[in-house]
Amino acid sequence: MKNSLLIVLSVSFLWMGCTEKKLDQKTAQEMIVSELQFPIIGDYDIFCNDPQHAKRLIDLGLEKQGLVTVKRTRKILDPNPLLFFTDKAALFLLETSSKDKSSSIQKVKVWEERFGQISSVITNTTKNVTIFDYTVVRENTVFAVLYGRDLKKEMQCTAYFYLSENGWEIVNRADVEFGKFQK
């Protein structure tokens, strides 16, 4: 009985030691999302007291869309803002610090980036490295026009993983390319 138990344990340990430790896509995705803290919110500061910001928002059509109202006339030394956000814009208004509020600055949501999907996996077992190519999907808001350029809706990204004594870790590309992890 003791011998059979010893044989079973020995075979189990031998089998566990010989099996490859592969990084599955679900675990890689969870690690990437955790490391990069998805979803990522892109913001933009709007200076509500600045006449140039007010003109720019009018020119970009945000007033016509009903997102902001602009005060057309203003008395000298009037401390009240020129720009006001409507209820329609409430979905895109982000929390603004008290320091920014005192300067009549409002942060608006321009985009939200989310993890898309893993598109390819390359494994190098001799270096204990696995490379995942994945997509990031960007959902732009109506305030994306403030950036003045086309914001991509989908981006290709790469994550590098190294199997250390502590398990899989996300590492820098340069570490992998310069062979820092070679045995």
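Of a type outside the set (Val, Ile, Thr) and part of a strand (DSSP E or B): does that describe residue 45? Yes. Considering 95, 112, 154, the condition of being at pLDDT 90 or above, surrounded by 12 or more Cβ atoms within 10 Å (Cβ to Cβ) and not hydrophobic (A, V, I, L, M, F, W, C) is satisfied by 112 alone.
Look at (1) in contact with an Asp or Glu (Cβ under 8 Å, 6 or more places away or on another chain); (2) at pLDDT 95 or above and you find that residue 125 fails only one, number (2).
One residue alone among 145, 68 is buried (at least 17 other Cβ atoms within 10 Å of the Cβ), more than 27 Å from residue 21 (Cα to Cα) and touching a Phe, Trp or Tyr at 6+ places or on another chain (Cβ under 8 Å), and that residue is 68.
The values are calculated or read from the model by the stated rules, or taken from the named source; none is laboratory data. Worth saying up front: this structure is predicted, and the values here are computed from it rather than measured. Glycine gets a Cβ as well: all are built from the backbone with ideal geometry, and neighbour counts include every protein chain shown.
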